[in-house]
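*Asks:* Quick one: this structure, given as structure tokens, is what I'll be asking you about.
Rule-based calculations on the coordinates, nothing more; no lab input. Since we're looking at a predicted model, the values are computed, not measured. Note that we place each Cβ from the backbone using ideal geometry, even for glycine, and neighbour counts take in every protein chain shown.
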Amino acid sequence: MKLRAARRSQWLRADSPGVRAGSLVARGVAVRMRAETCVAWLAGVLLVWLSACTAPRSELGAPVQVAKRGGVRLEFDGALAHSAERLATVITDDLERLESAPNRRAVLDDAAFALQRFYRRAGFADAEVEFEELDRENARFVVREGPRVLVDAFEFPGASEFAAAELAELYEGPEVGDRRALVSGAVSDLARGIELRYVARGFARVEVGEPRIERELGAALARVVIDVREGRVFRFGAVAWTGELSDFAAELDGLRSLAERRRGAIFTQPTLGALCTDAAELFTERGHPEARVRPERETFGDDGEVALELAVEPGPHVVIAAIDVRGLERVERSLVLSRVRFREGREWRASDQRDSLRDLYRTGLFAAVELDLEGTGGARTLVVRVRETQSREFYVEPGYGSYERLRLGLGWRDRNWFGTGRALKLEGSLAELAQRASASLVDQHLFESDVEGALTLFGGQRIEPSFTSADYGGSLTFTRQFGRHWRGIVVYQFRRSGVSDVDADVTTSDLVQDVDIGSVTVTPSFDDRDQYFVPTRGRFAQVSVEYASGATGSQLDFVRTRWNASQFFALGEKSVLGASWRGGVIAPLPGTDTIPLQERFFNGGENTVRAFRENELGPTDADGEPLGGEGFNVFSFELRRELLGNLDGALFWDVGDVVSRADEFLALDDLRHGPGVGLRYRLPVGPVRLDLGHNLDPRDGESRWVLHLSVGMSF
């Protein structure tokens, strides 16, 4: 109407009869519209009021909610905080046994108690629920919810070792906004948790009082007060060993040494248990499987030291008279015996038991393994019970990378090839820009030793940004684990290394050549990370040195070194800081002047400097095509933090370079920087990772922002 009036005003005068008539019509329409709106609003209010008046109501004026379960109509009189369907779910188990129960009232009483407990665990500290059985098809629960009580403050008089906020974090009541709901069971658990926290810190005589809940009658806020008498920190003092130890001179010396090493350490029950375990192991390692060490007396001195008296019960000396293997179906007995460290006529040792279990599980042939001794006296039978698992499997492993894009891994494995305990593996991977296949025969105990041997045939190709590389050949790999964290690998490899479809403008033909490479690689590594895919603490260090020359069957003579050093620090419960240095150098030996393109190092991409696309960082030709180099470095720092469930956020800073000549790799003259942010979603096969890197100083042909989507961590 405004538009119409505006147009008409161009040819009608404001005081003309036509204008006055139009104004009266507009006003009439507006009045009619307001009247219709008022009538509709009043009708809606009346309808809501009538509905509320006709609904059944509780004795307190609240609507009675109704639900039906198992043929029983349930009325919840006075329930406001939860729906009838939610309350019916709480008592589902009770209702299921109502039909056949000889005493229905007892079952309904249990249901009422379950509802009352449900309310109180949610913070309704005064909640009460009673039942009324109307008939066999109807039951009523009268609910008096009361206010939902929140904890306004926690107070811990006498506590100085821990801050009040730190102790309050042990409370596990449900969150309601910025407070916690008051739950009596959670308050009791808080007191026990505080005591355990102090005892773990060495306050062995701490006294934690009964919790007091300070709250006015009917109030919705309360204070929780727990008195603490800390006492003092106790440490290990003198240890006296009792028992028949006259025939155990060497073991007794070991016991004294254990006690001396512990002296002065903070005394806790777990550390005392560890001392007893270590002491018993001195005997279990010398043929006494039933050795036991237990605390007999603890004396807490005024000087803060705990004097201990530990009773040693060595038990009988046991020799393995025979080995009995049970539960075999497809696996040969000789294979099991080759993985068992025990031998007939030798004494029983705890370390042999641990190593035997580890080696049997490492075969992948058994779902369960148990080692037991049968018989009495000094000569006993070792019984090895096994339950075999499925030895053959086919697996599919999808993946994605921002450069290769969608990847699909396929594999087939037989862990018990022809019953020999050797594993045959056939694997392949397909991607838009890369394809690879391999076949491996693995013997985890080569020549009955602790060395794992693998014979592998492989082949594949990959389309790089400036050329296509291809290789095929075979390798012989020897791997040995040294303790829990150390591992050594030695590899001899012979392969044909080829290059084609070269887009780069090369200055010498030696950069583009197909060569045969035979090399020996030695790789020691150390790994004490707490997790493989998403570590939160620990270190990983690995160095590989590869030597190739005519003596190893190679047309190229070089020494190639690669390294990876990473460390992870836990910053609280949800944050992790990771730092890494990765790099490599390939140095030509006399007789080789140039390293071909496909054997050189490149940098940039989803797993190196993430502010660059694949191979984009480093020397290029006049058209910007990557040429690679003989050395590279990548320094990475990443702060990861849990955001929600399995979703993590990350801030990272990558720094890296590529140098043309091996002797320049430590010059660090052309380091490129790339900060960025990312998201990770943790899956059982590794995290799905989205990273956005920022190139601080983009050059010709480089992007300022680069987005990577991939599976797995960058380091």
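*Asks:* Calculate the translational D of the stretch 113-178 in whole µm² s⁻¹ from Stokes-Einstein, where the hydrodynamic radius comes from the Kirkwood formula applied to all Cα pairs, the temperature is 25 °C and the viscosity 0.890 mPa s.
*Replies:* This corresponds to a translational diffusion coefficient of 167 µm²/s.
*Asks:* When only DSSP loop residues count, what GluC sites (Glu not before Pro) in the stretch 186-277 have their Cβ near at most 12 other Cβ atoms within 10 Å?
*Replies:* Answer by residue number: Glu216, Glu244.
*Asks:* For the stretch 269-361, compute Rh as the Kirkwood radius over C-alpha pairs and then the Stokes-Einstein diffusion coefficient at 25 °C and 0.890 mPa s; write the answer in µm²/s, rounded to an integer.
*Replies:* Rounded, D is 156 µm²/s.
*Asks:* Once you put a point 7 Å from the Cα of Leu406 and another 7 Å from the Cα of Arg192, both along the Cβ direction, what distance in nm separates them?
*Replies:* According to this spin-label approximation, the distance is 5.3 nm.
*Asks:* Follow-up question, since we're still on this one. Taking the Cα centre of each part, how many Å lie between the stretch 363-380 and the stretch 440-470?
*Replies:* So the separation of the two Cα centres works out to 36 Å.
*Asks:* Which one, Leu690, Leu644, Pro590, is farthest towards the positive end of the dipole of the stretch 464-711 when Lys and Arg carry +1 and Asp and Glu -1 on their Cβ?
*Replies:* After comparing all options, I get Leu644.
*Asks:* Given the -39500 (n - 2.57) contribution per DSSP H run of 4+ residues, what per-residue ellipticity at 222 nm results for the chain, rounded to the nearest 500 deg cm²/dmol?
*Replies:* -6500 deg cm²/dmol
*Asks:* At 7 Å along the Cα-to-beta-carbon direction for both Leu683 and Ala579, put a label point, then send me their distance in nm to one decimal.
*Replies:* Here the answer is 3.2 nm between the modelled labels.
*Asks:* Count charges around Glu166 for me, please; just the other residues with Cβ under 12 Å from its Cβ, Lys/Arg as +1, Asp/Glu as -1.
*Replies:* Local charge sum for Glu166: 0.
*Asks:* Where does the charge balance sit around Pro524 when Lys and Arg score +1, Asp and Glu -1, over other residues with C-beta under 12 Å from its C-beta?
*Replies:* Every neighbour counted, the sum reads +1.
*Asks:* What does the charge add up to near Gly483, with Lys and Arg as +1, Asp and Glu as -1, over the other residues with Cβ less than 13 Å from its Cβ?
*Replies:* Summing Lys/Arg as +1 and Asp/Glu as -1 gives +1.
*Asks:* What number does the stretch 541-591 give for Rg over Rh if you use C-alpha atoms and the Kirkwood radius?
*Replies:* 1.32
*Asks:* Given all pairs of different Cα atoms, what value in angstroms does the Kirkwood hydrodynamic radius of the stretch 464-711 take?
*Replies:* About 19.5 Å, per the Kirkwood formula over Cα pairs.
*Asks:* Report, in whole Å, the centroid distance computed from the Cα atoms of the stretch 189-263 and the stretch 84-123.
*Replies:* Taking the Cα centre of each part, the stretch 189-263 and the stretch 84-123 sit 41 Å apart.
*Asks:* Give the average over all directions of the projected area of the C-alpha convex hull of the stretch 150-229, one decimal, in nm².
*Replies:* Dividing the Cα hull surface by four gives the mean projection, 5.0 nm².
*Asks:* For the stretch 64-144, report the translational diffusion coefficient in µm²/s to the nearest whole number, using Stokes-Einstein at 4 °C, 1.567 mPa s, and a Kirkwood Rh over Cα pairs.
*Replies:* 104
*Asks:* May I ask which residue of Val129, Ala112, Thr92 lies farthest towards the positive end of the charge dipole of the stretch 64-144, with charges of +1 (Lys, Arg) and -1 (Asp, Glu) on Cβ and the Cα centre as origin?
*Replies:* Value computed over the given set: Thr92.
*Asks:* Further question on the same structure: Where the eigenvalues come from the Cα gyration tensor of the stretch 235-313, what are the semi-axes √(5λ) of the equivalent ellipsoid, largest first, in whole Å?
*Replies:* Ellipsoid half-lengths, sorted descending, are 22, 12, 11 Å.
*Asks:* Taking the Cα centroid of the stretch 128-158 and of the stretch 642-667, what is the distance between the two, rounded to the nearest whole Å?
*Replies:* Each part's Cα centre sits 56 Å from the other's.
*Asks:* Grab the beta carbon distance between Glu85 and Asn138, set R0 = 22 Å, and tell me the FRET efficiency rounded to 0.05.
*Replies:* Approximately 0.80, to the nearest 0.05.
*Asks:* Quick one, which of (i) 44, 33, 23; (ii) 107, 43, 22; (iii) 61, 52, 29 is the actual semi-axes √(5λ) of the Cα gyration tensor in Å calculated for this model?
*Replies:* (iii)
*Asks:* Calculate the radius of gyration of the Cα atoms of the stretch 319-388 to one decimal place, then report Dmax, the largest Cα-Cα distance, as a whole number, both in Å.
*Replies:* 11.5, 35
*Asks:* May I pose another question? Taking θ as phi - 60°, what are the ³J(HN,Hα) couplings along the stretch 459-467 by the Karplus curve (6.51, -1.76, 1.60), each to the nearest whole Hz, with x for Gly and Pro?
*Replies:* Using θ = phi - 60°, the values come out as x, x, 8, 8, 8, 8, x, 10, 5 Hz.
*Asks:* Using a Förster distance of 25 angstrom, determine the FRET efficiency expected from the C-beta separation of Arg358 and Thr271, and round it to 0.05.
*Replies:* Given R0 = 25 Å and the Cβ-Cβ separation, E is 0.45.
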